[in-house]
Amino acid sequence: MILSRGKILPPEQTGETLAHLPGWIAEACAAGHPDPECVIAACDTLARRVAAGEYDDAVKLMLVDGIVARKQIDQATAFFCRENLEFKLKTELGAEQFPVRETPPGTPFAIERRLAPLGVLMHIAAGNVDALPAYSVIEGLLAGNINLLKLPQSDAGLSVLLLAALTEIEPRLLPYIYVFDTPSSDLETLQRLANLADGIVVWGGDDAVQAVRRMASLNARVIEWGHKLSFAYATMEASDEALAGLARQIVSTRQLLCSSCQGIFVDTEDMGTLFRFCERFAPILDREAEAFPPPDIGTQAQITLLQYTAWLEGQTGTRLFSGKRTSVTAGQDSTLELSLTCGNCWAKRLPRRKLVSVLRPYKGYLQTAGLLCAPSDWETLSGLLRYTGVCRIRRGEHMSLPMAGEAHDGEFALRRYMKIIETEVL
């Protein structure tokens, strides 16, 4: 389904909507951009209605089918509330007061400098975070843009529901939101959308980013929120409480988020020390997994097959610490890599003196580092981690905790969705 000017339409009307879009976009641009207060008020009303259960009938099927859980919906909609959005606006745009009037040195006239939206943003969203596609549009609205959203295949209708409800609450937002349930294989439709965009926001891996670069016109800004890898760094002094927090992060996210811990680097060069760490952490991980639903049988079978294949290939020195539902694989190398997901992580040796040299080559792919150590080591190790290229350093249990006003991969989204316009003052 698609969303056009507040109406939910069947996919068959995509072509008709696309035909009208250039005219609608021109009208919206001439009318001016949406006021941030208008956006915040509408989002806050929506968040309160969702929290009050007003849309329970609409999400009932998703809840029953297990597509999303009530807790996930509550967490997602919390980011639409006034407090969070006002904090975000202040954090990302409040450092400078716009508009600014000044006379630059050596210039015979004064200028007015103000922030303005790019114009039209096309959002190509990922489906690994509930309501992320809708939230990407909210960010575009806060920056004053017209937004064209391409839904991910796994969205399950949650984003359309939220954005349709938003336009119902605030009809003034109708001209600024369009949603398309267009498959990635429909290159013709995607190209038509890309041709209308002043900026293309892409959430995805290298292949997705490269595909967007091929589609984007020369005068369109490509704004990449690429797939990232996150890890934990632990010393042997890490407490059981800290290890349990990291274990909860691993099993609760199923290691599917960019901020999910894929594996643990341990501050040691000794393989025996690494084995002792795994012997300590594996039962903690398995115990914490009991509070969360297990992966489906197909996923579990695939993980088991991959573990068995690795054993058959005889990876020298590799040792598997298995529990009832989770596992920790002690590896010989110090390579940063994806895990098998769903509570199956790796652990590898990485002494602190090699921390920067080993991880720095991955700087373009690093996101969150979960640090587990004695308080006396926190400043030293967090300082080293900053030089590796990570964007966030947190305790293990907080690696994937959403936070109002946080940067996306080290950058503020609203600044990237805007430009600075300078006008001579008469």
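Averaging sequence separations of C-alpha pairs under 8 Å and six or more residues apart, then dividing by the length of the range 99-204, give the relative contact order as a whole percent.
The normalised contact order for the range 99-204 reaches 31 percent.
Quote the Stokes-Einstein diffusion coefficient, in whole µm² s⁻¹, for the range 185-344, based on the Kirkwood radius over alpha carbon pairs, a temperature of 25 °C and a viscosity of 0.890 mPa s. Could you put the intermediate results ahead of the total?
Numbers: Rh = 18.1 Å.
The Stokes-Einstein estimate is 136 µm²/s.
Taking Rh as the Kirkwood radius computed over C-alpha pairs, what is the Stokes-Einstein D of the chain at 37 °C in a medium of viscosity 0.692 mPa s, expressed in µm² per second? Show your work: numbers first, answer last.
Numbers: Rh = 23.5 Å.
For the chosen part, D equals 139 µm²/s.
Once Rh for the range 237-309 is found with the Kirkwood sum over Cα pairs, what is the Stokes-Einstein diffusion coefficient at 20 °C and 1.002 mPa s, in µm²/s?
Estimated diffusion coefficient is 156 µm²/s.
Can you tell me the equivalent ellipsoid semi-axes for the range 306-426? Use √(5λ) from the Cα gyration tensor, largest first, whole Å.
For the range 306-426, the semi-axes come out at 37, 18, 15 Å.
At what distance in nm do the modelled label points of Ala116 and Thr299 sit from each other, each positioned 7 Å from its Cα along Cα→Cβ?
The answer from the label model is 4.7 nm.
Heavy atoms only, probe 1.4 Å: what % of the accessible area of the chain goes to carbon and sulfur, would you let me know?
54
Rounding to the nearest 20 debye, state how big the charge dipole of the chain is about its Cα centre with +1 on each Lys and Arg Cβ and -1 on each Asp and Glu Cβ.
So the magnitude is around 800 debye.
Would you mind working out the accessible area per residue for the range 85-219, using a 1.4 Å probe, and quoting it in Å²?
Here the per-residue accessible area is 43 Å².
What per residue convex hull volume, in Å³, comes out for the range 77-213 when only alpha-carbon positions are used?
Per-residue hull volume (Cα only) is 155 Å³.
Please state the relative contact order of the chain as a whole percent: Cα pairs under 8 Å, 6+ residues apart?
So the answer I get is 19 percent.
For the chain, what does -39500 (n - 2.57) per DSSP helix run (n ≥ 4), summed and divided by total residues, give at 222 nm, in deg cm²/dmol to the nearest 500?
Counting only the DSSP helices, I get -12500 deg cm²/dmol.
Sorted by packing (mean other beta-carbon atoms within 10 Å per residue), highest first, where do 139-152, 17-30, 368-381 land?
139-152, 368-381, 17-30
The values are calculated or read from the model by the stated rules, or taken from the named source; none is laboratory data. Keep in mind the model is a prediction, meaning the values are calculated, not measured. Don't worry about glycine lacking a Cβ; one is built from the backbone with ideal geometry, like all the others, and counts go over all protein chains shown. Side chains included, ligands, DNA and RNA excluded: accessible areas come from the protein's heavy atoms. Shrake-Rupley method; radii C 1.70, N 1.55, O 1.52, S 1.80 Å.
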